[in-house]
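Worksheet for the structure shown next.
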Amino acid sequence: MPVGPPYPELDELITSIGEAGHRLSEIEASEGSAGNISVFQGWAVDPRRRFPIVETIELPNAVPDLAHGTLLVTGSGRRLREIIQNPAANLGCVVVDEGGHTGQLYASPHRLFTRLTSEFNSHLAVHQDQVHSTGTNFHAVIHAQPLYLTYLSHIARYQDEQYFNRHILRWQPEMIINLPEGVGVVPFLIPGSLSLEAASVESLRHHRVALWSKHGVVARSDASVKRAADRVEYAETGARYEYMNLVNHEAGDGLTPEEICSICRTFSVQQAIF
């Protein structure tokens, strides 16, 4: 559902990105400069007070449905944990031109990057697909590299989407409520590639979190960037329980399918995993 007025101010969104990046660092999902965040807003924004330097850039793919909208995007090589301390140095602001082939990149004179995140193509493609299909005027995308989710994706049986979800969603009642579609599982594909871009778009049509096997996760939200970060945290918590169970000789059973289905009936959760 589109966000209605009064629209969030640019500074509010920047603060939320900083808080999300800080939380992802706290849960060890963004080592070094790993991870990236972008937020699309479909209403008019004047970024020049925060980002006074402007240049025209060619977008990695055409995004006609984002035309005249604005994207806040992390810079390549920047640390998510540092956004909250100095957002203007770590973020770029892109106003998409008519037709969606180019954009105006607004940046700070203190920026600490030369280009936007190397995963910008996947972010743009997911934003374009969601805005086109749902009509939303707000959309957040996060890529992070949480340890336990990524580790499980190196084990062959967890690369099966049904198996993966039935195992990580069984450890807390909140899991199925917050991730009713489960986590999409994408096979290993080269980071930043067109194949990863296409696979991410397809997976995130059906899920709000997708596992990039042997790499990390990507999550989306049309409510807030912190909601997307929450989804990473919920999925990572389930994966951590699953890892603990593996090292404890699988002593725990978790919630049974019957128990999970009873939770879904009680809270009117629509799901097709259990």
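Listed residues Thr56, Thr102; which is modelled with pLDDT of 95 or more and either surrounded by 16 or more Cβ atoms within 10 Å (Cβ to Cβ) or under 24 Å from Val201 (Cβ atoms) (or both)? Lay out the reasoning, then the answer.
On the way: Thr56 fails: either surrounded by 16 or more Cβ atoms within 10 Å (Cβ to Cβ) or under 24 Å from Val201 (Cβ atoms) (or both).
After applying the criteria, what remains is Thr102.
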Is there any pair linking a residue in segment 79-92 that is farther than 7 Å from Gly21 by Cα to one that is assigned to a loop (DSSP other than H, G, I, E, B) and among the small types (Gly, Ala, Ser), with Cβ under 8 Å and at least six apart or on different chains, and which? Arg79/Ser30; Arg79/Gly32; Arg79/Ser33; Ala88/Ser108; Ala89/Ser108
Residue tally, condition outside any loop (DSSP other than H, G, I, E, B) and either surrounded by fewer than 23 Cβ atoms within 10 Å (Cβ to Cβ) or at pLDDT below 95 (or both), over segment 75-99: 7
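What helices (runs of 4 or more DSSP H) lie completely within segment 120-172 and have 2 or more residues being at pLDDT 95 or above and farther than 24 Å from Ser30 by Cα? Write out each step before concluding.
Values: elements: 120-134, 147-152, 161-168.
Result: 120-134, 161-168.
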Here are some conditions: (1) in a helix (DSSP H, G or I); (2) touching a residue at least 24 places away in the same chain (Cβ under 8 Å); (3) out of contact with any His (no Cβ under 9 Å at 6 or more places or on another chain). Ala199 meets all but one. Which one does it not meet? (2)
Cβ-Cβ distance below 8 Å, separation of 6 or more or different chains: which pairs start in segment 144-160 with a residue that is farther than 13 Å from Trp212 by Cα and end on one that is modelled with pLDDT of 95 or more? Arg157/Tyr163
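Would you say Ile27 is surrounded by fewer than 23 Cβ atoms within 10 Å (Cβ to Cβ), modelled with pLDDT of 95 or more and of a type in the set (Val, Ile, Thr)? Steps first, answer last, please.
On the way: surrounded by fewer than 23 Cβ atoms within 10 Å (Cβ to Cβ): yes; modelled with pLDDT of 95 or more: yes; of a type in the set (Val, Ile, Thr): yes.
Here the answer is yes, as Ile27 does meet what is asked.
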Among the residues of segment 240-254, is any in contact with a Leu (Cβ under 7 Å, 6 or more places away or on another chain), closer than 25 Å to Val218 by Cβ and either in a loop (DSSP other than H, G, I, E, B) or among the aliphatic types (A, V, I, L, M) (or both)? no
Can you tell me which condition Trp212 does not meet? The list is (1) farther than 15 Å from Asn36 by Cα; (2) buried (at least 23 other Cβ atoms within 10 Å of the Cβ), and all the others hold. (1)
Out of all the residues in segment 255-269, which are outside any helix (DSSP H, G or I) and either among the hydrophobic types (A, V, I, L, M, F, W, C) or under 17 Å from Gln162 (Cβ atoms) (or both)? Leu255, Thr256, Val269
Counting only residues that are touching a helix residue (DSSP H, G or I) at 6+ places or on another chain (Cβ under 8 Å) and among the polar types (S, T, N, Q), how many does segment 108-167 have? 9
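Given the condition under 30 Å from Ala239 (Cα atoms) and assigned to a loop (DSSP other than H, G, I, E, B), answer yes or no: does some residue in segment 34-45 qualify? Even if it seems obvious, please write down each step before you answer.
Looking only at segment 34-45, we keep the residues that are under 30 Å from Ala239 (Cα atoms), and these are 34-40.
Right, trim to assigned to a loop (DSSP other than H, G, I, E, B) and you get 34-35.
Yes; the residues of segment 34-45 include at least one that is under 30 Å from Ala239 (Cα atoms) and assigned to a loop (DSSP other than H, G, I, E, B).
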Name the single residue that is surrounded by the fewest Cβ atoms within 10 Å (Cβ to Cβ) among those in segment 1-14 being in contact (Cβ under 8 Å) with a residue 40 or more places away in the chain and part of a helix (DSSP H, G or I). Leu10
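The values are calculated or read from the model by the stated rules, or taken from the named source; none is laboratory data. For clarity, every value in this text was computed on a predicted model and none was experimentally measured. Glycine gets a Cβ as well: all are built from the backbone with ideal geometry, and neighbour counts include every protein chain shown.
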